[in-house]
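Take a look at the structure set out below.
The values are calculated or read from the model by the stated rules, or taken from the named source; none is laboratory data. Only a predicted model underlies this, so the values are computations on that prediction, with no experimental measurement involved. Ideal geometry is used to build each Cβ from the backbone, glycine not excepted, and the neighbour counts take in all protein chains shown.
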Amino acid sequence: MRLARTVSDIRGEKQISEEAIWEAMSLSRSQENNRVERIKQGVREW
């Protein structure tokens with residue numbers, strides 16, 4: 001929900017919109033997929 005709040009804030013929305021929630025979920029999923037790919041490639045996060 002924090003990421004959805006940030007997305008809404010950037011858009012200038014006073015309330016968290018449904019679109020902001022979907023965008024936040026998409027961004028989180030994308031970040032997780034990137035993390036998994038880096039682990040598979042042997043790249044460690046510091």
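Residue selection: Gly12 satisfies the criterion of being of a type in the set (Gly, Ala, Ser), at pLDDT 90 or above and loosely packed, with under 10 Cβ neighbours inside 10 Å.
No other residue among Ile10, Ile16, Ile39 is over 9 Å from the mean Cα position of the chain (by Cα) and either touching a residue at least 12 places away in the same chain (Cβ under 8 Å) or on the phi > 0 side of the Ramachandran plot (or both) apart from Ile16.
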